[in-house]
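First up is the structure itself, then whatever we jot down about it.
Derivation of every value follows stated rules applied to the coordinates shown; laboratory data play no part. Only a predicted model underlies this, so the values are computations on that prediction, with no experimental measurement involved. Here the Cβ positions follow ideal geometry from the backbone for every residue, glycine too, while neighbour counts run over all protein chains shown.
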Amino acid sequence: MNTTSTHESLESISEAIIEVAKTVNATKAILFGSFARGTETRHSDIDVVMIKDTAERFVERPQQVLSLLYDKIHGRAIDVLIYTPSEFERMSSSGNKFMQRVLREGKIIYGN
């Protein structure tokens, strides 16, 4: 894999996610999965966890983010999971295996 094109695509993906995170008032965005590990292929999807205050049902939360990202990231499948700050804190502190993996391998690209 060409590391220059990978770096550029990771940079452009991160910029798009940051822009959308700001638009939807997210407090944090974490890129995880193959892109965060640097093992992505041309068939890899983009995995993102966002933290934001919301009253929406869990399954409805990603719709706006996916809609906004669709025009910015061409040719890649995107998986976005959105948690409220309290859900994120609870999952992080309870030893949730999924969240532990996100925190271990993920890259915080927006927020702290």
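Observations, loosely collected:
- Near Val80: Cβ cut-off under 9 Å, other residues only, Lys/Arg at +1 and Asp/Glu at -1. The net charge is -1.
- The chain: calculated mean residue ellipticity at 222 nm from DSSP helix runs of at least 4, using -39500 (n - 2.57): -14000 deg cm²/dmol
- Taking other residues whose beta carbon is less than 12 angstrom from the beta carbon of Leu68, and scoring Lys, Arg as +1 and Asp, Glu as -1, yields 0.
- Normalised contact order of the stretch 31-112, rounded percent, pairs of Cα under 8 Å and 6 or more residues apart: 41 percent
- Amide proton proximity set for Ile82, modelled H, under 5 Å, gap of 5+: Met50
- Candidates per GluC sites (Glu not before Pro) in the stretch 35-112, loop by DSSP, up to 14 other Cβ within 10 Å: Glu56
- Hypothetical label at Gln63: residues of the stretch 10-47 whose amide nitrogen lies under 18 Å (7 Å Cα-Cβ projection): 24-25
- Within-13-Å neighbourhood charge of Ser92 [Cβ basis; K, R +1; D, E -1]: +3
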